[in-house]
1. Percent antiparallel among DSSP beta bridges with both residues in the chain, to the nearest 5?
2. From zero up to wherever the largest Cα-Cα distance of the chain sits, split into 10 Å bins and tell me the percent of pairs in each.
3. Just to confirm a number: summing +1 for Lys and Arg and -1 for Asp and Glu over residues other than Glu235 whose beta-carbon lies under 9 angstrom from that of Glu235, what do you get?
4. Once phi is turned into ³J(HN,Hα) by the Karplus curve 6.51 cos²θ - 1.76 cosθ + 1.60 with θ = phi - 60°, what whole-Hz value does each residue of the stretch 347-362 show in order, with x for glycine and proline?
5. Using Cα atoms only, what is the angle between the long axis of helix 57-67 and the major principal axis of the chain, expressed in degrees (0 to 90) to the nearest 10?
6. Keeping every protein chain present and rolling a 1.4 Å probe, give me the accessible area per residue for the chain in Å².
7. Can you give the Rg and Dmax of the stretch 1-76 based on its C-alpha atoms, in angstrom?
8. Ignoring ligands, DNA and RNA, what percent of the 1.4 Å accessible area of the chain is carbon and sulfur?
Amino acid sequence: MPDVVIVGGGISGAAAAYEIARAGHSVTLFEARSLAAMASGWTLGGVRQSGRDPAELPLAKAAVARWSGLDEELGAATGYRRRGNLRLARTEAEVEVIRELVVQQRGLGLEIDYLPDNAAIMAIAPAIAPSVLAASFCPGDGHADPIPAVRAFAAAAARHGAVIRDGIGVRALIRSGDTITGVETNDGEIVSAGRVILATGIHAPELLRPLGLDLPLRIRLVCVLQSVPLPPLFEQVFGVANADAAGRQEIDGRLRVTTGIGDWPHEPGSWSADNLAPRAADIATLIDRVTQVLPAMADAGVSRIWGGLIDLTPDALPAIDAHTGIDGLVVAAGFSGHGFGIGPITGEILADLALMRQPRFDLSPFRLGRFAGSTAPDSVLTLHG
């Protein structure tokens, strides 16, 4: 019997498996499809502090410190680069949004600059359009390659003895009284465990509901485009004031860009390549929005287009909680499209909770119980990553 079972093979689950295994405890991770199959795979891959909710900012700062040494620690390339994050203002109204963002985040102790005109922006990123009026710039932000990063955590976990079982889903958590004692897989296998970490993104509510626990999510669709390799254009991650477009240039020269969220009228368990495929209108909107701030996008050949799902909570903050009234259960879901960058620290926190150690962060803003009585979410996203 493993000490801990983890359900979900995104960055949160893989990082938790690594932390638990290297602490000398037995852990088994189940992933219904493949590692990084959903949010941790489609994401832009931003590793940012800027634009974070104040509750999340301490986690983001700590995550940046971890990312800088992860390649060596995990023994594999994560693609991490620390080249900064630009958040762009396209209109006078957005200029005020950016100016206020900088004031607020400086007040929280973040190193972030206000770039008051296009000349200041182009001194950092010459490929940005002359029409962009102002920007914030956080030099401590960066980006990584999502799928290699998740696989690096999983491989390092396995080297420490973790069992990674991808292609095997979990259909139920096994409960005895007020205690979770294990999981039941989709093929009927019962796996007992001392603790269970639920890190399944959009699938978390269906596993929590039979326990009398509610995680209200709105599942939204994001359009992602990857270009063919291009010459070096810029090193930063860019976003815009209202978060309806973002992008970066990957190490191999490909542009990876995303647009804002749209409705996805399907059941969580039904997602497939077919019903995640963005509509032609969404693709056209994405290209238009990105071209407005990055003119090179207009002539970039397209390599791949796909859709990703966001598990959006009412306040756009995740549920990270081991105090649900059900012993043996740790919940980590609802990252609302920006869980990748803090993944290494989320893994650390989940290991602490599962091993009944005191986390070094205040987790009160992330309690599952804060959603009691919540109606349909109507929160606003920040940047992806």
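The values are calculated or read from the model by the stated rules, or taken from the named source; none is laboratory data. Keep in mind that this is a model prediction, so the values were computed, not measured. Please note: Cβ atoms are built from the backbone with ideal geometry, for glycine as well, and neighbour counts cover all protein chains shown. Protein only, heavy atoms only, side chains kept; ligands, DNA and RNA dropped before computing areas. Shrake-Rupley method; radii C 1.70, N 1.55, O 1.52, S 1.80 Å.
1. 70 percent
2. 5, 25, 34, 24, 10, 2, 0
3. With Lys, Arg at +1 and Asp, Glu at -1, the net is +3.
4. For the stretch 347-362, the Karplus-derived couplings read x, 4, 5, 5, 4, 4, 5, 5, 9, 6, 9, 7, x, 8, 10, 7 Hz, x marking Gly and Pro.
5. 90 degrees
6. Each residue of the chain exposes 38 Å² on average to a 1.4 Å probe.
7. For the stretch 1-76, the Cα-based Rg and Dmax read 14.0, 42 Å.
8. Carbon and sulfur: 52 percent of the exposed surface of the chain.
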